[in-house]
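The values are calculated or read from the model by the stated rules, or taken from the named source; none is laboratory data. Computed from a predicted model, the values in this text were never measured in an experiment. With ideal geometry, Cβ positions are generated from the backbone for all residues, glycine too; neighbour counts draw on all protein chains shown. Areas reflect the complete protein model, heavy atoms only, side chains present, ligands, DNA and RNA absent. Shrake-Rupley method; radii C 1.70, N 1.55, O 1.52, S 1.80 Å.
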Amino acid sequence: MGLSSGLAAIVLKYFVHSIETFVAYYSHTYEEFFLFTLFPIIGLALTVLYVKRFLHGNFKKGSAEIVYAITKKSSVLPSSQMYSHLITSALTVGFGGSTGLESPMVTTGSAIGSNYGRIYGLSYKEKTILLACGAAAGISAAFNSPIAGVLFAVEVLLTDVSASAFIPLIIAAACGALLSKVILAEGVLLSFALKQPFNYHNVPFYIMLGILAGFLSLYYSRTFEWVDTKIRAVGNIWVRVITGGVLLSILLLLFPPLFGEGYETIKTLSLLKPDDLTENSMLKEIITSDYALLLFLGCLVFLKCIAAALTIGSGGNGGSFGPSLFMGAYLGFVFARFVNLLGIAYIPETNFTLVAMAGILSGVLYAPLTAIFLIAEITGGYELMIPLMIVSAISITVVHYFEPLSMEAKKLSNKLKSPVEDRDKHLLSRLDLTELIETNFSVITPEASLQELVKVISTSKRNIFPVLHNDELKGLVYLDNVRNIIFKHDQYDKVFVRDLMAAPMAVIEPNENLHTILKKFDDTNQWNLPVVENNKYLGFLSKSSILTQYREELLKSV
(Lines give C-alpha, C1' and ligand atoms only; values in the text may rest on other atoms or scores of the structure.)
Protein backbone atom coordinates (compact mmCIF):
# COMPACT_ATOMS: atom_id res chain seq x y z
CA MET A 1 0.00 0.00 0.00
CA GLY A 2 2.79 2.39 0.86
CA LEU A 3 4.55 1.79 -2.46
CA SER A 4 1.37 1.91 -4.57
CA SER A 5 -0.12 5.04 -3.02
CA GLY A 6 3.27 6.71 -2.68
CA LEU A 7 4.01 6.15 -6.36
CA ALA A 8 0.62 7.58 -7.35
CA ALA A 9 1.31 10.72 -5.29
CA ILE A 10 4.79 11.07 -6.77
CA VAL A 11 3.54 10.83 -10.36
CA LEU A 12 0.94 13.53 -9.68
CA LYS A 13 3.42 15.76 -7.87
CA TYR A 14 6.04 15.49 -10.59
CA PHE A 15 3.56 16.21 -13.39
CA VAL A 16 2.26 19.39 -11.77
CA HIS A 17 5.74 20.56 -10.74
CA SER A 18 6.95 20.18 -14.32
CA ILE A 19 4.16 22.42 -15.64
CA GLU A 20 4.81 25.05 -12.97
CA THR A 21 8.54 25.01 -13.85
CA PHE A 22 7.65 25.46 -17.51
CA VAL A 23 5.43 28.45 -16.72
CA ALA A 24 8.09 30.06 -14.52
CA TYR A 25 10.76 29.60 -17.21
CA TYR A 26 8.76 31.24 -20.01
CA SER A 27 7.13 34.11 -18.12
CA HIS A 28 9.20 36.99 -16.79
CA THR A 29 6.76 39.85 -17.38
CA TYR A 30 3.00 40.11 -17.13
CA GLU A 31 2.80 40.29 -20.94
CA GLU A 32 4.52 36.90 -21.20
CA PHE A 33 2.48 35.59 -18.26
CA PHE A 34 -0.83 36.68 -19.82
CA LEU A 35 -1.12 33.53 -21.96
CA PHE A 36 -0.66 31.31 -18.90
CA THR A 37 -3.50 33.06 -17.06
CA LEU A 38 -5.85 31.45 -19.60
CA PHE A 39 -4.59 27.97 -18.74
CA PRO A 40 -6.99 27.49 -15.77
CA ILE A 41 -10.00 27.80 -18.10
CA ILE A 42 -8.54 25.01 -20.25
CA GLY A 43 -7.79 22.88 -17.20
CA LEU A 44 -11.29 23.32 -15.75
CA ALA A 45 -12.89 22.52 -19.11
CA LEU A 46 -10.81 19.37 -19.56
CA THR A 47 -11.60 18.26 -16.00
CA VAL A 48 -15.36 18.72 -16.47
CA LEU A 49 -15.21 17.02 -19.87
CA TYR A 50 -13.44 14.01 -18.36
CA VAL A 51 -15.93 13.74 -15.49
CA LYS A 52 -18.93 13.96 -17.83
CA ARG A 53 -17.52 11.74 -20.58
CA PHE A 54 -15.75 8.98 -18.64
CA LEU A 55 -17.30 9.13 -15.15
CA HIS A 56 -20.83 10.02 -16.31
CA GLY A 57 -20.94 12.91 -13.84
CA ASN A 58 -20.50 10.60 -10.85
CA PHE A 59 -17.52 12.11 -9.06
CA LYS A 60 -17.18 12.46 -5.27
CA LYS A 61 -14.54 14.71 -3.68
CA GLY A 62 -13.18 15.36 -0.19
CA SER A 63 -12.30 13.44 2.94
CA ALA A 64 -15.98 13.52 4.01
CA GLU A 65 -16.73 11.02 1.22
CA ILE A 66 -13.97 8.72 2.49
CA VAL A 67 -15.22 8.81 6.08
CA TYR A 68 -18.78 8.27 4.81
CA ALA A 69 -17.56 5.17 2.94
CA ILE A 70 -15.90 3.92 6.14
CA THR A 71 -19.05 4.56 8.14
CA LYS A 72 -21.80 3.51 5.77
CA LYS A 73 -20.26 1.48 2.95
CA SER A 74 -18.01 -0.96 4.81
CA SER A 75 -14.92 1.01 3.70
CA VAL A 76 -15.61 0.34 0.01
CA LEU A 77 -14.63 3.07 -2.47
CA PRO A 78 -15.28 2.86 -6.25
CA SER A 79 -12.37 1.43 -8.23
CA SER A 80 -12.53 4.42 -10.59
CA GLN A 81 -11.25 6.63 -7.77
CA MET A 82 -7.88 4.87 -7.97
CA TYR A 83 -7.11 6.91 -11.09
CA SER A 84 -9.86 9.52 -11.63
CA HIS A 85 -8.58 11.87 -8.92
CA LEU A 86 -5.07 11.68 -10.29
CA ILE A 87 -6.25 12.68 -13.77
CA THR A 88 -8.67 15.43 -12.74
CA SER A 89 -6.38 17.07 -10.17
CA ALA A 90 -3.45 16.95 -12.62
CA LEU A 91 -5.60 18.76 -15.20
CA THR A 92 -6.93 21.26 -12.67
CA VAL A 93 -3.77 22.18 -10.75
CA GLY A 94 -1.35 21.47 -13.59
CA PHE A 95 -3.08 24.08 -15.72
CA GLY A 96 -2.98 26.65 -12.94
CA GLY A 97 -6.05 25.92 -10.83
CA SER A 98 -5.46 27.57 -7.45
CA THR A 99 -5.94 24.60 -5.15
CA GLY A 100 -4.00 21.72 -3.58
CA LEU A 101 -3.15 18.18 -4.66
CA GLU A 102 -3.19 16.55 -1.24
CA SER A 103 -6.92 15.80 -1.07
CA PRO A 104 -6.87 13.96 -4.45
CA MET A 105 -3.76 12.11 -3.28
CA VAL A 106 -5.55 11.02 -0.12
CA THR A 107 -8.63 9.88 -2.06
CA THR A 108 -6.48 7.99 -4.57
CA GLY A 109 -4.50 6.23 -1.85
CA SER A 110 -7.66 5.43 0.11
CA ALA A 111 -9.32 3.97 -3.00
CA ILE A 112 -6.27 1.81 -3.72
CA GLY A 113 -6.33 0.48 -0.15
CA SER A 114 -10.08 -0.09 -0.19
CA ASN A 115 -9.96 -2.03 -3.46
CA TYR A 116 -6.97 -4.10 -2.35
CA GLY A 117 -9.06 -5.16 0.64
CA ARG A 118 -12.16 -5.82 -1.46
CA ILE A 119 -10.33 -7.93 -4.06
CA TYR A 120 -8.69 -10.10 -1.42
CA GLY A 121 -11.89 -10.48 0.61
CA LEU A 122 -10.57 -8.83 3.76
CA SER A 123 -12.73 -7.95 6.75
CA TYR A 124 -14.19 -4.50 7.39
CA LYS A 125 -11.48 -3.71 9.93
CA GLU A 126 -8.66 -4.77 7.60
CA LYS A 127 -10.13 -2.83 4.66
CA THR A 128 -10.40 0.27 6.84
CA ILE A 129 -6.77 0.00 7.93
CA LEU A 130 -5.62 -0.49 4.32
CA LEU A 131 -7.68 2.51 3.25
CA ALA A 132 -6.04 4.63 5.95
CA CYS A 133 -2.62 3.28 4.94
CA GLY A 134 -3.18 4.55 1.42
CA ALA A 135 -4.05 8.02 2.69
CA ALA A 136 -1.05 8.08 5.04
CA ALA A 137 1.31 7.04 2.25
CA GLY A 138 -0.07 9.75 -0.07
CA ILE A 139 0.55 12.57 2.43
CA SER A 140 3.90 11.06 3.41
CA ALA A 141 5.11 10.91 -0.20
CA ALA A 142 3.85 14.42 -1.01
CA PHE A 143 5.93 16.04 1.74
CA ASN A 144 8.45 13.35 2.68
CA SER A 145 6.83 13.45 6.13
CA PRO A 146 5.87 9.96 7.38
CA ILE A 147 4.81 11.04 10.88
CA ALA A 148 2.43 13.67 9.46
CA GLY A 149 1.02 11.02 7.11
CA VAL A 150 0.21 8.69 9.99
CA LEU A 151 -1.30 11.48 12.09
CA PHE A 152 -3.42 12.71 9.19
CA ALA A 153 -4.94 9.26 8.77
CA VAL A 154 -5.68 9.08 12.50
CA GLU A 155 -7.00 12.64 12.96
CA VAL A 156 -9.02 13.04 9.77
CA LEU A 157 -10.12 9.57 8.61
CA LEU A 158 -10.19 7.14 11.52
CA THR A 159 -12.68 8.03 14.21
CA ASP A 160 -11.37 5.23 16.37
CA VAL A 161 -7.98 3.57 16.10
CA SER A 162 -6.35 0.83 18.15
CA ALA A 163 -2.63 0.49 18.83
CA SER A 164 -2.37 -2.43 16.42
CA ALA A 165 -3.42 -0.17 13.52
CA PHE A 166 -0.39 2.07 13.98
CA ILE A 167 2.08 -0.55 12.75
CA PRO A 168 0.66 -0.87 9.20
CA LEU A 169 0.13 2.91 9.09
CA ILE A 170 3.76 3.53 10.01
CA ILE A 171 5.02 0.96 7.48
CA ALA A 172 2.91 2.43 4.65
CA ALA A 173 3.89 6.02 5.48
CA ALA A 174 7.58 5.11 5.70
CA CYS A 175 7.44 3.35 2.31
CA GLY A 176 5.71 6.35 0.74
CA ALA A 177 8.30 8.76 2.14
CA LEU A 178 11.19 6.52 1.08
CA LEU A 179 9.87 6.25 -2.47
CA SER A 180 9.46 10.03 -2.58
CA LYS A 181 13.02 10.58 -1.39
CA VAL A 182 14.43 8.14 -3.96
CA ILE A 183 12.48 9.34 -7.02
CA LEU A 184 11.71 13.04 -6.61
CA ALA A 185 14.40 15.69 -6.95
CA GLU A 186 14.95 17.86 -3.90
CA GLY A 187 13.40 20.97 -5.46
CA VAL A 188 10.08 19.23 -6.13
CA LEU A 189 9.21 18.72 -2.46
CA LEU A 190 8.27 21.50 -0.07
CA SER A 191 11.24 21.71 2.29
CA PHE A 192 13.02 24.43 4.24
CA ALA A 193 16.24 24.99 6.12
CA LEU A 194 15.98 26.84 9.42
CA LYS A 195 18.35 29.77 9.76
CA GLN A 196 17.46 30.97 13.22
CA PRO A 197 16.64 28.94 16.35
CA PHE A 198 13.58 29.46 18.52
CA ASN A 199 13.84 32.42 20.88
CA TYR A 200 11.51 32.32 23.87
CA HIS A 201 11.41 36.14 23.92
CA ASN A 202 9.21 35.93 20.83
CA VAL A 203 6.46 33.90 22.55
CA PRO A 204 4.08 36.92 22.85
CA PHE A 205 4.30 37.39 19.09
CA TYR A 206 3.63 33.69 18.50
CA ILE A 207 0.52 33.98 20.69
CA MET A 208 -0.67 36.93 18.60
CA LEU A 209 0.06 34.93 15.44
CA GLY A 210 -1.99 32.01 16.79
CA ILE A 211 -5.00 34.28 17.36
CA LEU A 212 -4.67 35.76 13.86
CA ALA A 213 -4.34 32.26 12.38
CA GLY A 214 -7.53 31.19 14.14
CA PHE A 215 -9.57 34.08 12.76
CA LEU A 216 -8.04 33.67 9.31
CA SER A 217 -8.95 29.96 9.39
CA LEU A 218 -12.52 30.98 10.21
CA TYR A 219 -12.41 33.46 7.32
CA TYR A 220 -11.13 30.70 5.04
CA SER A 221 -13.92 28.23 5.82
CA ARG A 222 -16.77 30.75 5.64
CA THR A 223 -15.50 32.56 2.55
CA PHE A 224 -14.73 29.32 0.76
CA GLU A 225 -18.21 27.95 1.44
CA TRP A 226 -19.87 31.23 0.37
CA VAL A 227 -17.93 31.54 -2.91
CA ASP A 228 -18.32 27.83 -3.64
CA THR A 229 -22.09 28.05 -3.12
CA LYS A 230 -22.40 31.12 -5.35
CA ILE A 231 -20.39 29.66 -8.24
CA ARG A 232 -22.26 26.33 -8.04
CA ALA A 233 -25.52 28.24 -8.28
CA VAL A 234 -24.73 28.80 -11.96
CA GLY A 235 -26.88 26.09 -13.51
CA ASN A 236 -25.10 25.39 -16.78
CA ILE A 237 -21.80 23.63 -16.09
CA TRP A 238 -20.03 25.17 -19.10
CA VAL A 239 -21.16 28.67 -18.16
CA ARG A 240 -19.86 27.92 -14.68
CA VAL A 241 -16.49 26.80 -16.07
CA ILE A 242 -16.13 29.97 -18.16
CA THR A 243 -17.31 32.24 -15.32
CA GLY A 244 -15.03 30.71 -12.71
CA GLY A 245 -12.13 30.43 -15.16
CA VAL A 246 -12.35 34.08 -16.24
CA LEU A 247 -12.56 35.32 -12.65
CA LEU A 248 -9.57 33.16 -11.77
CA SER A 249 -7.61 34.48 -14.77
CA ILE A 250 -8.25 38.07 -13.67
CA LEU A 251 -6.96 37.25 -10.20
CA LEU A 252 -3.84 35.66 -11.71
CA LEU A 253 -3.10 38.73 -13.83
CA LEU A 254 -3.09 40.86 -10.70
CA PHE A 255 -1.66 38.27 -8.28
CA PRO A 256 0.45 35.66 -10.15
CA PRO A 257 1.45 33.72 -6.99
CA LEU A 258 -2.10 32.33 -6.97
CA PHE A 259 -1.19 30.17 -9.99
CA GLY A 260 -1.32 26.45 -9.10
CA GLU A 261 -0.41 25.17 -5.65
CA GLY A 262 1.85 28.14 -4.94
CA TYR A 263 4.47 26.11 -3.06
CA GLU A 264 7.32 27.65 -5.07
CA THR A 265 6.24 31.10 -3.92
CA ILE A 266 6.30 29.87 -0.30
CA LYS A 267 9.93 28.89 -0.81
CA THR A 268 10.58 32.37 -2.20
CA LEU A 269 9.09 33.90 0.94
CA SER A 270 11.18 31.67 3.21
CA LEU A 271 14.29 32.85 1.34
CA LEU A 272 13.21 36.43 2.15
CA LYS A 273 12.82 37.41 -1.53
CA PRO A 274 9.24 38.76 -1.59
CA ASP A 275 10.07 41.26 -4.37
CA ASP A 276 10.35 38.34 -6.82
CA LEU A 277 6.65 37.58 -6.34
CA THR A 278 5.57 40.77 -8.12
CA GLU A 279 7.51 40.05 -11.33
CA ASN A 280 4.55 38.97 -13.49
CA SER A 281 1.92 41.17 -11.89
CA MET A 282 0.15 44.05 -13.64
CA LEU A 283 0.51 45.87 -10.31
CA LYS A 284 4.31 45.73 -10.32
CA GLU A 285 4.75 49.35 -11.40
CA ILE A 286 2.84 50.72 -8.42
CA ILE A 287 4.56 48.53 -5.83
CA THR A 288 7.38 50.92 -5.03
CA SER A 289 7.73 50.71 -1.24
CA ASP A 290 7.97 48.13 1.52
CA TYR A 291 4.46 48.92 2.71
CA ALA A 292 3.04 48.61 -0.81
CA LEU A 293 4.73 45.22 -1.11
CA LEU A 294 3.30 44.25 2.26
CA LEU A 295 -0.18 45.25 1.07
CA PHE A 296 0.29 43.12 -2.07
CA LEU A 297 1.28 40.10 0.02
CA GLY A 298 -1.55 40.76 2.46
CA CYS A 299 -4.08 40.68 -0.38
CA LEU A 300 -2.76 37.24 -1.32
CA VAL A 301 -3.57 36.02 2.20
CA PHE A 302 -7.24 36.85 1.70
CA LEU A 303 -7.55 35.99 -1.99
CA LYS A 304 -6.16 32.44 -1.93
CA CYS A 305 -9.32 30.90 -0.48
CA ILE A 306 -11.44 32.78 -3.04
CA ALA A 307 -9.26 31.48 -5.87
CA ALA A 308 -9.44 27.95 -4.43
CA ALA A 309 -13.24 28.11 -4.12
CA LEU A 310 -13.56 29.39 -7.71
CA THR A 311 -11.36 26.54 -8.91
CA ILE A 312 -13.22 23.76 -7.11
CA GLY A 313 -16.70 25.25 -7.47
CA SER A 314 -16.24 25.66 -11.22
CA GLY A 315 -15.65 21.94 -11.67
CA GLY A 316 -11.99 21.54 -10.75
CA ASN A 317 -10.59 18.98 -8.37
CA GLY A 318 -8.42 19.76 -5.36
CA GLY A 319 -8.53 20.38 -1.66
CA SER A 320 -7.86 22.85 1.14
CA PHE A 321 -4.53 21.41 2.30
CA GLY A 322 -2.38 23.39 -0.15
CA PRO A 323 -4.32 26.69 0.11
CA SER A 324 -4.09 26.47 3.91
CA LEU A 325 -0.30 26.20 3.79
CA PHE A 326 -0.17 29.05 1.27
CA MET A 327 -2.30 31.40 3.37
CA GLY A 328 -0.38 30.49 6.50
CA ALA A 329 2.99 31.21 4.91
CA TYR A 330 1.89 34.62 3.65
CA LEU A 331 0.22 35.47 6.96
CA GLY A 332 3.35 34.63 8.92
CA PHE A 333 5.64 36.58 6.61
CA VAL A 334 3.39 39.67 6.49
CA PHE A 335 2.98 39.63 10.27
CA ALA A 336 6.72 39.34 10.94
CA ARG A 337 7.72 41.88 8.27
CA PHE A 338 5.13 44.36 9.60
CA VAL A 339 6.44 44.02 13.16
CA ASN A 340 9.99 44.51 11.92
CA LEU A 341 9.09 47.54 9.78
CA LEU A 342 7.40 49.20 12.74
CA GLY A 343 10.53 48.65 14.80
CA ILE A 344 8.59 47.06 17.66
CA ALA A 345 11.03 44.18 17.72
CA TYR A 346 13.08 42.08 15.36
CA ILE A 347 11.49 38.66 14.83
CA PRO A 348 12.68 35.96 12.37
CA GLU A 349 10.49 36.21 9.27
CA THR A 350 11.31 32.70 8.04
CA ASN A 351 10.33 31.10 11.33
CA PHE A 352 7.04 32.98 11.48
CA THR A 353 6.34 32.05 7.86
CA LEU A 354 6.70 28.37 8.72
CA VAL A 355 4.88 28.41 12.05
CA ALA A 356 1.85 30.23 10.61
CA MET A 357 1.50 27.48 8.00
CA ALA A 358 0.82 25.05 10.84
CA GLY A 359 -1.62 27.50 12.43
CA ILE A 360 -3.84 27.80 9.36
CA LEU A 361 -3.62 24.09 8.53
CA SER A 362 -4.65 23.26 12.09
CA GLY A 363 -7.57 25.71 11.99
CA VAL A 364 -8.89 24.68 8.57
CA LEU A 365 -8.52 20.89 8.77
CA TYR A 366 -9.01 20.61 12.56
CA ALA A 367 -5.88 18.47 12.58
CA PRO A 368 -3.36 20.17 14.90
CA LEU A 369 -1.04 17.18 15.30
CA THR A 370 -0.77 16.76 11.54
CA ALA A 371 0.01 20.47 11.18
CA ILE A 372 2.64 20.48 13.93
CA PHE A 373 4.57 17.44 12.75
CA LEU A 374 4.27 18.29 9.04
CA ILE A 375 6.09 21.60 9.50
CA ALA A 376 8.53 20.02 11.93
CA GLU A 377 9.41 17.34 9.36
CA ILE A 378 9.72 19.58 6.31
CA THR A 379 12.06 21.88 8.26
CA GLY A 380 14.30 18.93 9.04
CA GLY A 381 14.04 19.00 12.82
CA TYR A 382 12.09 19.97 15.92
CA GLU A 383 13.67 23.34 16.67
CA LEU A 384 10.31 25.09 16.20
CA MET A 385 8.24 22.54 18.11
CA ILE A 386 7.25 24.92 20.92
CA PRO A 387 5.98 27.77 18.70
CA LEU A 388 4.32 25.21 16.40
CA MET A 389 2.39 23.83 19.36
CA ILE A 390 1.47 27.29 20.65
CA VAL A 391 0.21 28.64 17.33
CA SER A 392 -1.60 25.44 16.26
CA ALA A 393 -3.34 25.04 19.62
CA ILE A 394 -4.47 28.67 19.82
CA SER A 395 -5.62 28.65 16.20
CA ILE A 396 -7.86 25.60 16.52
CA THR A 397 -9.20 26.84 19.87
CA VAL A 398 -10.26 30.16 18.33
CA VAL A 399 -11.87 28.65 15.24
CA HIS A 400 -13.53 25.82 17.20
CA TYR A 401 -15.26 28.40 19.42
CA PHE A 402 -17.10 29.78 16.38
CA GLU A 403 -17.31 26.63 14.23
CA PRO A 404 -17.50 23.34 16.15
CA LEU A 405 -17.08 21.35 12.92
CA SER A 406 -14.59 21.66 10.08
CA MET A 407 -15.79 22.10 6.48
CA GLU A 408 -15.43 18.39 5.73
CA ALA A 409 -17.02 17.42 9.05
CA LYS A 410 -20.06 19.55 8.20
CA LYS A 411 -20.37 17.80 4.84
CA LEU A 412 -20.17 14.45 6.62
CA SER A 413 -22.70 15.59 9.21
CA ASN A 414 -25.16 16.49 6.45
CA LYS A 415 -24.71 13.08 4.81
CA LEU A 416 -25.06 11.17 8.08
CA LYS A 417 -27.62 13.61 9.55
CA SER A 418 -25.36 13.65 12.61
CA PRO A 419 -21.66 14.26 13.26
CA VAL A 420 -19.43 11.27 13.95
CA GLU A 421 -17.45 12.42 16.96
CA ASP A 422 -16.54 9.30 18.92
CA ARG A 423 -16.46 5.52 18.85
CA ASP A 424 -20.09 4.94 19.89
CA LYS A 425 -21.52 7.46 17.44
CA HIS A 426 -19.34 6.05 14.69
CA LEU A 427 -20.64 2.52 15.23
CA LEU A 428 -24.26 3.66 15.57
CA SER A 429 -23.96 5.54 12.28
CA ARG A 430 -23.18 2.25 10.54
CA LEU A 431 -26.59 0.76 11.49
CA ASP A 432 -29.35 0.77 8.86
CA LEU A 433 -32.63 1.89 10.43
CA THR A 434 -34.83 0.28 7.77
CA GLU A 435 -33.42 -3.15 8.56
CA LEU A 436 -34.32 -2.81 12.25
CA ILE A 437 -38.05 -2.01 11.84
CA GLU A 438 -40.25 -4.79 13.24
CA THR A 439 -43.66 -5.37 11.60
CA ASN A 440 -44.98 -8.35 13.56
CA PHE A 441 -47.23 -6.27 15.81
CA SER A 442 -50.97 -7.06 15.77
CA VAL A 443 -53.00 -4.04 14.64
CA ILE A 444 -56.59 -3.03 15.40
CA THR A 445 -59.00 -0.29 14.34
CA PRO A 446 -60.43 2.48 16.56
CA GLU A 447 -64.00 1.17 16.00
CA ALA A 448 -63.17 -2.33 17.25
CA SER A 449 -64.88 -3.39 20.45
CA LEU A 450 -63.21 -4.53 23.64
CA GLN A 451 -64.21 -8.11 22.76
CA GLU A 452 -62.38 -7.88 19.42
CA LEU A 453 -59.37 -6.39 21.22
CA VAL A 454 -59.32 -9.35 23.62
CA LYS A 455 -59.24 -11.78 20.65
CA VAL A 456 -56.29 -9.88 19.13
CA ILE A 457 -54.45 -9.85 22.48
CA SER A 458 -54.98 -13.58 22.95
CA THR A 459 -53.20 -14.38 19.66
CA SER A 460 -50.30 -11.97 20.13
CA LYS A 461 -47.05 -12.21 22.06
CA ARG A 462 -46.73 -8.42 22.22
CA ASN A 463 -48.02 -6.03 24.87
CA ILE A 464 -48.44 -3.04 22.53
CA PHE A 465 -51.11 -2.82 19.82
CA PRO A 466 -51.08 -0.07 17.17
CA VAL A 467 -54.47 1.41 16.35
CA LEU A 468 -54.77 2.13 12.61
CA HIS A 469 -57.28 3.82 10.36
CA ASN A 470 -56.49 3.70 6.63
CA ASP A 471 -52.91 2.76 7.57
CA GLU A 472 -52.57 5.92 9.65
CA LEU A 473 -51.47 5.55 13.26
CA LYS A 474 -54.20 6.88 15.55
CA GLY A 475 -52.88 5.65 18.86
CA LEU A 476 -51.57 2.70 20.88
CA VAL A 477 -53.20 0.26 23.24
CA TYR A 478 -50.92 -0.85 26.07
CA LEU A 479 -51.82 -4.21 27.62
CA ASP A 480 -50.73 -3.01 31.06
CA ASN A 481 -53.23 -0.14 30.87
CA VAL A 482 -56.25 -2.23 29.84
CA ARG A 483 -55.63 -5.45 31.77
CA ASN A 484 -57.86 -4.44 34.71
CA ILE A 485 -60.61 -3.31 32.33
CA ILE A 486 -60.55 -6.63 30.48
CA PHE A 487 -60.96 -8.69 33.61
CA LYS A 488 -63.46 -6.46 35.38
CA HIS A 489 -65.69 -5.18 32.56
CA ASP A 490 -68.86 -7.13 31.83
CA GLN A 491 -70.08 -5.22 28.76
CA TYR A 492 -67.44 -5.93 26.11
CA ASP A 493 -69.64 -4.74 23.23
CA LYS A 494 -70.10 -1.25 24.67
CA VAL A 495 -66.42 -0.39 25.11
CA PHE A 496 -64.38 0.48 22.02
CA VAL A 497 -60.68 0.69 21.25
CA ARG A 498 -60.91 4.43 20.62
CA ASP A 499 -61.81 4.80 24.30
CA LEU A 500 -58.83 2.76 25.42
CA MET A 501 -56.04 3.93 23.12
CA ALA A 502 -53.43 6.49 24.11
CA ALA A 503 -51.29 8.80 22.02
CA PRO A 504 -47.76 7.46 21.48
CA MET A 505 -45.19 9.07 23.77
CA ALA A 506 -42.96 9.59 20.72
CA VAL A 507 -42.81 8.52 17.09
CA ILE A 508 -39.83 7.82 14.89
CA GLU A 509 -39.41 8.78 11.25
CA PRO A 510 -37.25 6.69 8.87
CA ASN A 511 -34.92 9.59 8.03
CA GLU A 512 -34.00 10.26 11.67
CA ASN A 513 -30.49 9.38 12.85
CA LEU A 514 -30.03 6.79 15.55
CA HIS A 515 -28.54 9.25 18.04
CA THR A 516 -31.82 11.19 18.09
CA ILE A 517 -33.81 7.95 18.23
CA LEU A 518 -31.92 6.68 21.26
CA LYS A 519 -32.57 9.99 23.00
CA LYS A 520 -36.32 9.48 22.42
CA PHE A 521 -36.08 6.03 24.00
CA ASP A 522 -34.34 7.53 27.03
CA ASP A 523 -36.76 10.46 27.34
CA THR A 524 -39.87 8.25 27.17
CA ASN A 525 -38.41 5.30 29.10
CA GLN A 526 -39.88 3.01 26.41
CA TRP A 527 -38.33 -0.05 24.72
CA ASN A 528 -40.55 0.06 21.62
CA LEU A 529 -41.59 3.12 19.63
CA PRO A 530 -43.73 3.29 16.46
CA VAL A 531 -42.20 4.26 13.12
CA VAL A 532 -44.30 6.47 10.83
CA GLU A 533 -43.69 8.14 7.49
CA ASN A 534 -46.10 10.85 6.34
CA ASN A 535 -48.50 9.65 9.08
CA LYS A 536 -48.40 6.11 7.64
CA TYR A 537 -47.60 3.34 10.09
CA LEU A 538 -44.51 1.28 9.14
CA GLY A 539 -43.84 -0.78 12.25
CA PHE A 540 -41.96 -0.55 15.53
CA LEU A 541 -38.35 0.05 16.42
CA SER A 542 -36.99 -1.78 19.43
CA LYS A 543 -34.24 -0.40 21.62
CA SER A 544 -33.04 -3.93 22.29
CA SER A 545 -32.62 -4.65 18.54
CA ILE A 546 -30.53 -1.49 18.16
CA LEU A 547 -28.29 -2.52 21.06
CA THR A 548 -27.98 -6.06 19.70
CA GLN A 549 -26.93 -4.76 16.29
CA TYR A 550 -24.56 -2.31 17.97
CA ARG A 551 -22.85 -5.17 19.83
CA GLU A 552 -22.37 -7.00 16.53
CA GLU A 553 -20.75 -3.92 14.96
CA LEU A 554 -18.58 -3.53 18.04
CA LEU A 555 -17.30 -7.09 17.69
CA LYS A 556 -16.48 -6.47 14.02
CA SER A 557 -14.38 -3.43 14.88
CA VAL A 558 -12.28 -5.16 17.54
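Could you tell me which residue of the range 504-522 is modelled with the highest pLDDT, considering only residues that are open to solvent by 80 Å² or more (accessible area, probe 1.4 Å) and within 22 Å of R462 (Cα to Cα)?
Here the residue is M505.
Evaluate the following for F59: is it touching a Pro at 6+ places or on another chain (Cβ under 7 Å), at pLDDT below 90 and open to solvent by 10 Å² or more (accessible area, probe 1.4 Å)?
The answer is no for F59.
Can you pull out the residues in the range 242-266 that are in a helix (DSSP H, G or I) and of a type in the set (A, V, I, L, M, F, W, C)?
I242, V246, L247, L248, I250, L251, L252, L253, L254, L258, I266
Take K284 and tell me if it is of a type in the set (D, E, K, R) and in contact with a helix residue (DSSP H, G or I) (Cβ under 6 Å, 6 or more places away or on another chain).
Yes, satisfied.
Give me a count of the residues in the range 464-481 that are open to solvent by 30 Å² or more (accessible area, probe 1.4 Å) and part of a strand (DSSP E or B).
Going through the range 464-481 one residue at a time, the tally reaches 5.
Across the range 272-302, what is the number of residues that are free of Cβ contacts under 8 Å to residues at least 24 places away in the same chain and not small (G, A, S)?
Summing the residues that are free of Cβ contacts under 8 Å to residues at least 24 places away in the same chain and not small (G, A, S) in the range 272-302 gives 11.
Please determine, by comparing only the residues of the range 445-463 that are in a helix (DSSP H, G or I) and in contact with an Asp or Glu (Cβ under 8 Å, 6 or more places away or on another chain), which one is most open to solvent (accessible area, probe 1.4 Å).
So, considering only residues that are in a helix (DSSP H, G or I) and in contact with an Asp or Glu (Cβ under 8 Å, 6 or more places away or on another chain), the one most open to solvent (accessible area, probe 1.4 Å) is Q451.
Of the residues that sit in the range 373-405 and are outside any helix (DSSP H, G or I) and touching a helix residue (DSSP H, G or I) at 6+ places or on another chain (Cβ under 8 Å), which one is most open to solvent (accessible area, probe 1.4 Å)?
Ranking the candidates gives Y382 first.
When you check T311 against the structure, is it among the hydroxyl-bearing types (S, T, Y) and in contact (Cβ under 8 Å) with a residue 24 or more places away in the chain, yes or no?
Against the criterion (among the hydroxyl-bearing types (S, T, Y) and in contact (Cβ under 8 Å) with a residue 24 or more places away in the chain), T311 qualifies.
Being hydroxyl-bearing (S, T, Y), in a helix (DSSP H, G or I) and open to solvent by 30 Å² or more (accessible area, probe 1.4 Å), is that true of even one residue in the range 307-327?
no
If I filter the range 195-241 down to residues being at pLDDT below 90 and open to solvent by 80 Å² or more (accessible area, probe 1.4 Å), which single residue comes out as nearest to A367 (Cα to Cα)?
P197
What are the residue pairs meeting all of these: first residue in the range 227-249, first residue over 18 Å from S320 (Cβ atoms) and among the charged types (D, E, K, R), second residue surrounded by 14 or more Cβ atoms within 10 Å (Cβ to Cβ) and at pLDDT below 95, Cβ atoms under 7 Å, and 6 or more apart or on different chains?
R240/I231; R240/V234; R240/S314; R240/G315
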